[in-house]
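Only the coordinates and a few stated rules stand behind these numbers; no lab work does. Fair warning: this is a prediction, and the values are worked out from it, not measured in the lab. Here the Cβ is made from the backbone with ideal geometry for all residues, glycine too, and neighbour counts use every protein chain on show.
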């Protein structure tokens, strides 16, 4: 197939990720999903996570992951995740979860929640949590946003995204983890996130 892909799902290990992402970009992929934890180094000895982030920035494409569960758009039946979504009924909630277990437990196990969009950005290689919030706020079908957040890697962008949601009348419910020393340590070990100040 020679046409451009909308989404490249890179279900490969770290040793092959640099080549896979470069290949997806060369084929014209508009976005990518990475499940691998992205630890370690490239064949050239550079930190893998930094290299993937650089590729995404140079290509100007959003990348969901790494170390995440991908995304599901129930209304479009677009599934780029480990999980099938045939049992999900679309609604008006957009969920952005930094933790895969939250993505799974809330998204897959409780039929009372009707998610239109579920995203697991984790290490935010090419799209930060504020960008996901802003994107969801701009969708007419989004009536509320649920956010499980380890860190705000772009605080100024987060403020602007929350302002946009408020201006559109879309409530945002944020569960911020890493408030204790132990929680912050777990956040660092999970996605390398700095949990930041609870006061901030």
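Listed values, structure above:
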read-out: Subset of region 89-100 [within 16 Å of residue 142 (Cα to Cα) and assigned to a loop (DSSP other than H, G, I, E, B)]; value: 89, 90, 91, 92
read-out: Every residue from region 44-53 that is surrounded by fewer than 21 Cβ atoms within 10 Å (Cβ to Cβ) and in contact (Cβ under 8 Å) with a residue 40 or more places away in the chain; value: 53
read-out: Output for region 64-103, where each listed residue is out of contact with any strand residue (DSSP E or B) (no Cβ under 6 Å at 6 or more places or on another chain), surrounded by 17 or more Cβ atoms within 10 Å (Cβ to Cβ) and over 26 Å from residue 162 (Cβ atoms); value: 88
read-out: Cross-chain or 6+ apart pairs with Cβ under 7 Å, region 68-90 first and free of Cβ contacts under 8 Å to residues at least 24 places away in the same chain, then outside any loop (DSSP other than H, G, I, E, B); value: 79/72; 85/72; 85/79
read-out: Every residue from region 54-63 that is crowded, with 18+ Cβ neighbours inside 10 Å and under 17 Å from residue 132 (Cβ atoms); value: 56, 61, 62, 63
read-out: Single unsatisfied condition, residue 36 versus (1) more than 24 Å from residue 106 (Cα to Cα); (2) in a loop (DSSP other than H, G, I, E, B); value: (1)
